[in-house]
Amino acid sequence: MGLGYIGLPLAAVLARSGYKVLGVDIKPAVVRSIESGDIHGLEPPLGLLVVEAIRRGSLALCDPVPHADVYILAVPTPLKKKKHQVDLSYVEKAVDSVALRLRPGNLVIIESTVPVGTTEKMSRRLLELRPDLEREGKSLIFVAHCPERVLPGKVLDEMVEVDRIVGGVDAGSTREAGDFYATFVRGSIHRTEARTAEMCKLAENASRDVAISFANELSMLCDKMGIDAANLIRLANLHPRVNIMDPGPGVGGHCIPVDPWFLVQSEPLETSLIRTARKVNEKKTAWLLNRIEETISHFEKPVIACLGLAYKPEVADLRGSPAVSIVNSLCSQNRGDLRIVEPHIKDLPPVLAGFNCCRLVDLEEAIAEASVVALLTRHNSFEGVQARLPDGKVFIDPNGVVSPGWRRSGTEAAN
Ligand SMILES: NC(=O)c1ccc[n+]([C@@H]2O[C@H](COP(=O)([O-])OP(=O)(O)OC[C@H]3O[C@@H](n4cnc5c(N)ncnc54)[C@H](O)[C@@H]3O)[C@@H](O)[C@H]2O)c1
């Protein structure tokens, strides 16, 4: 259920492992693109795998929800607009449509990332909709949570290789779900209960958010104190038990900026560190934008090269990317002509494509035309760019460091 970034690779992996897979998605456009083999290029071998599975007959697309032995829900769990509250309506609708088909002995697995307690709640919802699936207070179906821990760009490998946490709403559900994953996962299967499995995923992502926020706060603090943050972090990391991450333009992607809010929503009084980390990472994006705006304000007609749009190095994934938000803000305010360099995409995303001031170009063209060069994603191909810039071009990195010689408080570039 749900054939997006997670559901489609999972369907392909299961089909390759010998299962007969029936894929369901409520969006006709998603179904059409899969049927026509036009599959997003974020996970390169996925297209081939899906086309091959459909040709062999081990993967078929279905509408409505068919009868099956195992139902896996990989539907969205976004935040509600303007509120840091999870929108569980997709999970609820998927659960409702599965309920119609369930038979005793079926296994329902929620792979979507959810707040703690959701799997138990959905298990109760299924039994309320289907009281015939409960006998003498005992459920005749199995319900479990198994969070996805895959790295975008390596989803097909990690779905199979990475250890899995499987937690059922009761011992039988944990056993059935664990045994199911053991049939196609090469990593270890760690069995626990549903609430711990849910918490595990949220704790993993909150932990990364907190670690990144420390580096980001340090970069803003160093800037204020006139200390080179990159050098400082390199020196601090020489301590055998210190490992500070690289600061960046904020935090993007599909999970880390979203999932920590599920914890804050559940326990607002016990999550001050997690909430603060989110705020710090959001602030870092605004702070970097401000640094770029301040720099270009010294140019009459600035041409700004923005290096990178992806939310992290070496992927084409633009979801939730701070770089996209910075570029969008510069374009919306008509702050200059923008030259975007993103080697992992062929076209600008729809949110930027409508701006006349914004063009996707290669690195050499961007450097030649720009007066200000802002590094937004640390792709390998941008390594050493600063050293190659001709005199008179200003370079800004994600730590907010502006080229040596640039007088930030002055009215003109130093060169
Ligand atoms: N993308 C990631 O990197 C990642 C990693 C780990 C966990 N997750 C979690 O996995 C879940 C799915 O994420 P995603 O990135 O695959 O989302 P997605 O938006 O790419 O795909 C979800 C799909 O579900 C479909 N859908 C919605 N309601 C449905 C329903 N009732 N029945 C059938 N299909 C339905 C949508 O049309 C969409 O195609 C989310 O909870 C997310 O937080 C995602």
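The values are calculated or read from the model by the stated rules, or taken from the named source; none is laboratory data. Just so it is clear, the model here is predicted, and its values are computed rather than measured. Every residue, glycine among them, receives a Cβ derived from its backbone with ideal geometry; neighbour counts consider all protein chains shown.
General remarks:
- Exactly one residue out of Val324, Val315, Val373, Val351 is outside the structural domain of Pro76 (by TED's automatic domain parsing), within 16 Å of the ligand (Cβ to nearest atom) and either part of a helix (DSSP H, G or I) or β-branched (Val, Ile, Thr) (or both): that is Val315.
- Selected residue (criterion: modelled with the highest pLDDT) from residues of segment 132-187 that are part of a loop (DSSP other than H, G, I, E, B), over 19 Å from the mean Cα position of the chain (by Cα) and among the small types (Gly, Ala, Ser): Gly187
- One residue stands out in segment 10-22 among those that are within 24 Å of Pro76 (Cβ to Cβ) and in a helix (DSSP H, G or I): the one that is farthest from the ligand (Cβ to nearest atom), namely Ala15.
- Residue check for Glu111: surrounded by 14 or more Cβ atoms within 10 Å (Cβ to Cβ), within 12 Å of the ligand (Cβ to nearest atom) and acidic (Asp, Glu): yes
- Look at segment 1-24: where a residue is on the phi > 0 side of the Ramachandran plot and a partner is more than 13 Å from the ligand (Cβ to nearest atom), sitting 6+ places away or on another chain with Cβ atoms under 8 Å, you get Gly18/Ser58.
- First in segment 282-294 and under 13 Å from Ser213 (Cα atoms), second anywhere and not in a helix (DSSP H, G or I), Cβ under 6 Å, 6 or more apart: Lys284/Gly250; Thr285/Pro249; Thr285/Gly250
- All of Asp157, Asp179, Asp170, Asp209 fail the test of being within 15 Å of the ligand (Cβ to nearest atom), farther than 27 Å from Ile274 by Cα and either free of Cβ contacts under 8 Å to residues at least 24 places away in the same chain or out of contact with any His (no Cβ under 8 Å at 6 or more places or on another chain) (or both), apart from Asp157.
- Among the residues of segment 233-254, those that are of a type outside the set (A, V, I, L, M) and surrounded by 22 or more Cβ atoms within 10 Å (Cβ to Cβ) comprise Pro247, Gly248, Pro249, Gly250, Gly252.
- Within the span defined as segment 23-31, one or more residues are part of a loop (DSSP other than H, G, I, E, B) and either among the polar types (S, T, N, Q) or crowded, with 17+ Cβ neighbours inside 10 Å (or both).
- Complete set of residues in segment 32-72 that are under 29 Å from Ser89 (Cβ atoms), crowded, with 17+ Cβ neighbours inside 10 Å and not aliphatic (A, V, I, L, M): Glu43, Tyr71
- Residues of segment 66-84 that turn out to be under 26 Å from Tyr19 (Cα atoms) and more than 9 Å from the ligand (Cβ to nearest atom), as a count: 7
- Residue-level check: of (1) near the ligand (Cβ under 9 Å from one of its atoms); (2) of a type outside the set (Lys, Arg); (3) under 19 Å from the mean Cα position of the chain (by Cα); (4) surrounded by fewer than 15 Cβ atoms within 10 Å (Cβ to Cβ), Asp87 misses just (1).
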